[in-house]
Every structure is written in structure tokens, then in C-alpha cells.
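A short worksheet on the structure shown next.
The values are calculated or read from the model by the stated rules, or taken from the named source; none is laboratory data. What you see is a predicted model, and the numbers here were worked out from it, not measured in a lab. Cβ placement follows ideal geometry from the backbone for every residue including glycine, while neighbour counts extend to all protein chains displayed.
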Amino acid sequence: MAQNLHIFKNPLELATQFAGHLMNWIGNHTGNVFNLAISGGKTPDLLFSVLAEKYADSAPWQKIHFWWVDERMVAPDHPESNFGVARKLLFSQISIPEENIHRIKGENVPETEALSYSAQIRESLISRNGWPAFNLILLGMGDDGHTASIFPNQMELLQSERICEVATHPSTGQKRITLTGNVINNAGQVCFLVTGTNKANRLTEIFTRQETAKLLPASHILPRNGNLNWYMDKSAAQFINSESWRDLESHSD
């Protein structure tokens, strides 16, 4: 596994540069389909706006299939729907085949939808190491160290033998569907987009390999045969130095 670190001045610069990197990955992919799993959050939302503004007419949208890392169990027109936000900011601004958009149906019964979405993924993606293999998975990280909808109190979802699981937000009790750790760690590229001062301490725990990092789901994202790419703004990366980065790299193989 190779790890790469990119630090930018602000969230907009991060989103703009990552959009260019994403287009390069897609352009260099020799297959007819590029399976991309996306997350919700402020930084991905900014990315969607950049993609719509800069690449609406030039990206090979027919080749890109969008999937979701996680979704809240709400209707698609609900303001908290990850799909709903992506539709508003990106899909409504580009020409993409409807069959390329594979949303989690948050209006359905959680357990039933988790099984249904797992089946869709299994049938659509190639398998590697016994797990579906996404070309790229886009992740965020919460200030509690969670990623996807895998929270510190549900660490077992990292090792689940299922493709998707039903997760529960620890504070609100809201049900969500999330990809599991085994699926995330089977992707060709895994990209964290992390911004804001409130993430800095958690990133320091991960990058300096503190004992407490083991309690953070994000620290367990280590692709088996792919690359791990960290994209941060200066606020999030303020406590990370070259020594801690080299130390993390030395333990990544």
C-alpha cells in the first residue's frame, strides 16, 4: 500500500485540485466503467460544485458510475440526504445516464435496503480478494474519528463480513447504511478529504500512531492492494510534520 499526503491552503483549493486528480484517475482508467463511491459532507459538497462548474462538458460521465459510501435513512428530497445534495449540486448540472447513478434508497426499511444495495454492488462490480473492488472511494472524517458511517462505538463494522451494514448515529440514533471496512479497504484508491481545525487533533493521533488512534475508525482504513490518499487543508494538517508522515509511511506496508 502506498500513502500520499496533499495539503492545501483552504477547502476550495483542495476541492479544485482533487477534482483534477480525480479526472486524471478516470481518464487513465482503461476499462469502460469507473466505479466511484462518494460521501456526503461540506468538503464533498464543495467538490460536487467544482466538478459541475469545471468539468460538466469535458468529463466522461458515461463512463463514471456513482455509488454511495453511506446514506442517512431519509427520503431523497430530505435536506440530510447525501444523494439529494449530490443531485442538486452535480447531477442536475451534467449529462449523465440515469443508470449510472446507484443511490441508497433511504426511504426504505434499513435492513432490507442494506441487503438490496449489497446485492447491487456484488452484481455490478468486479471481485478481488473475495470482495467488490471499487476503483475509488471518497471518504471524510468526523471530529470523533468516524469515517463512512462507522462510528467509534461500532468498530465491528470494520471487520463485518457483509458489504453493507445498518449503522446507528451514536448521538441522534438515526439509522444509516454504510459500506463496511472490508469493502473500503479493497478499493484501488481510497481518498480522505479532511478540512477544518476541529479535525486537527484526530489527524495528529493517526499520523503519530498514538495508542488512542486504534479507537478511531479512520485509522483502520488501510487498503490491502490499493493506495491511501490524504487531502487536507492547512487547518486540519496544522500539527502534522514531515517526521510524523515518514513514521506513518514506514508502518504502512
>> Please verify whether LEU89 is within 18 Å of LEU138 (Cβ to Cβ), of a type outside the set (Ser, Thr, Tyr) and either modelled with pLDDT under 95 or in contact with an Asp or Glu (Cβ under 8 Å, 6 or more places away or on another chain) (or both), treating the condition exactly as stated.
In response: yes
>> Can you report the number of residues in the stretch 150-203 which are assigned to a helix (DSSP H, G or I), within 18 Å of LEU5 (Cα to Cα) and in contact with a strand residue (DSSP E or B) (Cβ under 7 Å, 6 or more places away or on another chain)?
In response: 1
> Regarding VAL109, is this residue farther than 22 Å from ILE26 by Cα, out of contact with any Asp or Glu (no Cβ under 8 Å at 6 or more places or on another chain) and free of Cβ contacts under 8 Å to residues at least 60 places away in the same chain?
Replying inline: yes
> So how many residues does the stretch 65-83 have that are in contact with an Asp or Glu (Cβ under 6 Å, 6 or more places away or on another chain) and either crowded, with 21+ Cβ neighbours inside 10 Å or not in a loop (DSSP other than H, G, I, E, B) (or both)?
Replying inline: 2
> Within the stretch 102-120, can you find the residues that are of a type in the set (Asp, Glu) and surrounded by fewer than 16 Cβ atoms within 10 Å (Cβ to Cβ)?
Replying inline: GLU107, GLU111
>> Every residue in the stretch 17-46 that is crowded, with 16+ Cβ neighbours inside 10 Å and part of a loop (DSSP other than H, G, I, E, B), please.
In response: HIS29, SER39, GLY40, GLY41
